[in-house]
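Down below is the structure, laid out as structure tokens.
The values are calculated or read from the model by the stated rules, or taken from the named source; none is laboratory data. These numbers were taken from a predicted model, which means no experiment stands behind them. Every residue, glycine as well, gets a Cβ built from its backbone with ideal geometry; the counts of neighbours run over all protein chains shown.
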Amino acid sequence: MPFFSCFLDSLSRQSNQDFDLLLFNDSVPNHELAEQIQRHSGLNTLVVDVKGRIASIRKQGLECLKQFPEYQNIIFGDSDDFFSDNLIDSSISGLKNYDMLIRDLNIVDEQGKLLIPHFWEGA
């Protein structure tokens, strides 16, 4: 939750706002989520309650996505991720040429100070 507001801010700034946000919630009280989501009312948000360890939660999320066959592209992120303002557009563009994209990331501290740039670049 400490980063959730910044996560939603980064989604609110996307150059392409034609997306749905599916939140897979593992134990955050609904009223806390509702407060944050209400501040970002421009996002079309659906909250799905899940339980378990990370692998189980991701499996539940993938199973849930089967209910939405109309989705052409899916972008995964965690609530402590912040996206560049054009992530949706650039991902849609990249997915025209590739079945899957893996985005690089910058590691920052709690104040947003850059600690490790382009983390996956050397992998």
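Observations, loosely collected:
- Among the residues listed as Ser56, Ser15, the single one being modelled with pLDDT of 90 or more, of a type in the set (S, T, N, Q) and not in a loop (DSSP other than H, G, I, E, B): Ser56
- If you go through the stretch 18-29 and keep only what is closer than 17 Å to Gln60 by Cβ and either part of a loop (DSSP other than H, G, I, E, B) or over 13 Å from the mean Cα position of the chain (by Cα) (or both), you end up with Asp26, Ser27, Val28.
- Check on Gln36, free of Cβ contacts under 8 Å to residues at least 60 places away in the same chain, loosely packed, with under 13 Cβ neighbours inside 10 Å and more than 21 Å from Arg103 (Cα to Cα): no
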